[in-house]
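The values are calculated or read from the model by the stated rules, or taken from the named source; none is laboratory data. Since this is a predicted model, take the numbers as computed values, not measurements. Neighbour counts run over all protein chains shown; Cβ positions are idealised from the backbone, glycine included. Surface accessibility is based on the protein's heavy atoms, side chains included, excluding ligands, DNA and RNA. Shrake-Rupley method; radii C 1.70, N 1.55, O 1.52, S 1.80 Å.
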Amino acid sequence: MASETSPQRPKYQRIADDLKAAIESGEYGPGDRLPGESALAAQYGVAVLTARQALKILRIEGLVETKKGAGARVIEFRPIRRHGIQRLAREQWGAGKSIWSADEERPVTIDVRVDTVAAPVHIARML
């Protein structure tokens, strides 16, 4: 997979772009395992850390999930189907149910990552 993006982009971003294109084209489908860090490093002639950064980008974008020792797998895209009428129905009131419990096949949990970063100069001035 040779990247046709600008050579100015970092190597890890070009690798991530190639993998993303392969996922979008269907070369890798839901549940398929992507090449490992070592295989990507050898294929692109980069360090393992660079390949790891590329996979991290795909994980952050929600395209793959990674597990230690199991590699990266493509996530199946399932749109959230909201049922507004059932979510707000009178039968739900006082029953101890959340309004989200009427949604189809979606867990109610959300993974959140929070980092402390320096504010950009134009925002720091406002603060």
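Residues of segment 8-19 being open to solvent by 70 Å² or more (accessible area, probe 1.4 Å) and in a helix (DSSP H, G or I), which ones?
Within segment 8-19, 11, 12 meet the criteria.
Table: residues versus (1) at pLDDT 90 or above; (2) open to solvent by less than 60 Å² (accessible area, probe 1.4 Å); (3) closer than 18 Å to residue 16 by Cβ; (4) not in a loop (DSSP other than H, G, I, E, B).
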residue	(1), (2), (3), (4)
27	yes, no, yes, no
50	yes, yes, yes, yes
57	yes, yes, yes, yes
69	no, no, no, no
97	no, no, no, no
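Consider residue 117 against the criteria (1) hydrophobic (A, V, I, L, M, F, W, C); (2) open to solvent by 100 Å² or more (accessible area, probe 1.4 Å); (3) modelled with pLDDT under 85; (4) closer than 30 Å to residue 14 by Cα: it satisfies all of them except one. Which criterion is unmet?
(3)
Residues that are within 24 Å of residue 113 (Cβ to Cβ) and open to solvent by 80 Å² or more (accessible area, probe 1.4 Å): does segment 31-43 have at least one?
For segment 31-43, residues within 24 Å of residue 113 (Cβ to Cβ) and open to solvent by 80 Å² or more (accessible area, probe 1.4 Å): present.
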